[in-house]
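Chemist: I have a structure here, written as structure tokens, and I will follow up with some questions on it.
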Amino acid sequence: MDVVQAARKLAEVVEASELAQRTQLLGGDNQPINVAFCFRAPPSRAAAGAEPAGNLSEISDYYRRLQPGRLLITGAPGAGKTVLAVELMLGLLEIREVGEPVPVRMALAGWDTTQPLDRWLSDQLVDTYQLSKATAKRLVERRCILPVLDGLDEMDGGVSVAGPCRAAEALAAFNQYQVGRQKAPLVVTCRTTTYDTLSAGIRLTDSARIVVSSVTAEQAERFVAARALAPDDWQPVLAIARQHPQGAAAHILSTPWLLTLAVTVYEANGHPTELLRFTDPEALRNQLLDQFLPAATKLHERAGNRVYGPEQVGCWLGLLARYLTQNARERRTVGGHVLSSTDLVLHRLWPIAGMRARVADMAVSSTVGLAFVYSMVPAAIDDHRLALGLVVLALLAISWIVASARTVWPTPKSITPGRLRTQEGRRAVIGPVVVGFVAVLAFSLAVTLPNTYSPASDVVLGCSLLFPVALIGGCALAFGATWKLRLLIRAPTPLFGQIYAQGFWSVSAPRPALS
């Protein structure tokens, strides 16, 4: 597959994935808050073309004017940095032309900065989007990827000017990220306070830094009118927020994440005027988080989906939250992989179960092979001529088990037979099926032919070979088809991309400041 075709297909997959992420980040809806941002000029080395201000709906046009295309998105916790990055990606993908880089979002929390940036980017493409290593490497080396690097502030438990930290090492790597003689395009998100601390020692050079602003009363009113099912119920809350800008209600309405959370909660149950009972912003925040799970499950039920009770969901999310908290506190690694403290990806959650998961994986991987070898033992005992074939099969089965045991982080797979309906997909299968058939048939005949030859007559020879050849031929076809299907299957995308953005940290776990 050439680079242009690979980039086009990757763009399609990324767009579908980010559209789903956008809906999730917006609380199951498609109405974003049109947050504003302003350009904060550094002392030197800023990207050219940066306008003084902009908003979410203009973010892709704003980015396209930058030379080079290096953007740093900063803001307070919950300001909407990730939503802004996702909106930028979707805007670029909608108008992407051939040859333009594909924006791909990656969580910085899991990057071991001792690994070169190019290699880590390639590994992310292989792991998340099931690209071959060669294709991923070519896309990165030719700068066909626009890295959207989310969560610079999540790389360390704390950042200080004096002490070393992974975030500073990441910034140094970004400053060396080149395309030809120029800085290569990239997008980075980070909390304002973290980046201000980092910038005392190192900055993202040749970039435009924008700071996401708080939600104004007018923006909140427009969002409520567009999103809430009963916007008139919100008028008393909006009025109080305008009159008392330092109050608890105003605090909730000024943060995109909390405003979205509040609207989601009161769409399911209750009346928004309950917000006016609180004078402490922290108490009101905790109240909304406590109400979120019952509200989310009720809205899920209204949509006709399978529903679990809030208690069940709370228990499971509490387990996940404790797992992330432990990863953040202890900086745990398994098999050379840093366990993320922010993202929940389905196939990377097995460390929660410990070694039981590895034992189960080995048992499943070995069952089929060992069962087939065991079924051949009686025949080999009765006819010693089959012993050689049985030994070869046993060695192959053992090799498979050892390989499975040594692979700590196997690549997940899911079959997509729909690709076989296309002419391209069918053409791609024919070659490997033929190669697999010929290879397995040749190997099997080499093992069985010397032991089945009978000098009595050609008829006896033909009859003695008829059944083995038919059986081996069927196995060869199955092997060839299976081998190609493995090349056609794709890895699942992250199950809960930054799951905590919807407040799931609130259950049985410390409540960190959200970004």
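Chemist: Testing the spin-label approximation: label points 7 Å from Cα along Cα→Cβ at Ala41 and Asp233. State their distance in nm.
Modeler: Between Ala41 and Asp233, the label points sit 4.8 nm apart.
Chemist: Using a ≥ b ≥ c from the Cα gyration tensor of the stretch 65-153 (square roots of the eigenvalues), is it rounded, prolate or oblate, where a/c under 1.5 gives rounded and otherwise the larger of a/b and b/c decides, a/b for prolate?
Modeler: oblate
Chemist: Once you have the Cα-Cα distance between Ala53 and Glu100, take 0.36 nm times their residue separation minus that, and quote the gain in nm to one decimal.
Modeler: The span from Ala53 to Glu100 would gain 14.4 nm if fully extended.
Chemist: Ranked by accessible surface with a 1.4 Å probe, highest first, in what order do Arg142, Arg45 come?
Modeler: Arg142, Arg45
Chemist: Just the number please: accessible area per residue for the stretch 79-162, 1.4 Å probe, all protein chains included, in Å².
Modeler: On the way: 3210 Å² over 84 residues.
With the other protein chains kept in place, the stretch 79-162 gives 38 Å² per residue.
Chemist: Rounded, prolate or oblate: which one fits the stretch 1-152, using the alpha carbon gyration tensor with axes a ≥ b ≥ c (rounded when a/c is under 1.5, else prolate when a/b beats b/c, else oblate)?
Modeler: Judged from the Cα gyration tensor, the stretch 1-152 comes out prolate (a/c at least 1.5, a/b above b/c).
Chemist: Assign one of three labels to the stretch 41-82, namely rounded, prolate or oblate, based on the Cα gyration tensor with a ≥ b ≥ c the square roots of its eigenvalues; rounded applies when a/c is under 1.5, prolate when it is not and a/b is larger than b/c, and oblate otherwise.
Modeler: Oblate shape, in that a/c is at least 1.5 and b/c is the bigger or equal ratio.
The values are calculated or read from the model by the stated rules, or taken from the named source; none is laboratory data. Predicted model, so just to flag it, every value in this text is computed and none were measured. Here the Cβ is made from the backbone with ideal geometry for all residues, glycine too, and neighbour counts use every protein chain on show. Note: areas computed on protein heavy atoms with side chains; ligands, DNA, RNA excluded. Shrake-Rupley method; radii C 1.70, N 1.55, O 1.52, S 1.80 Å.
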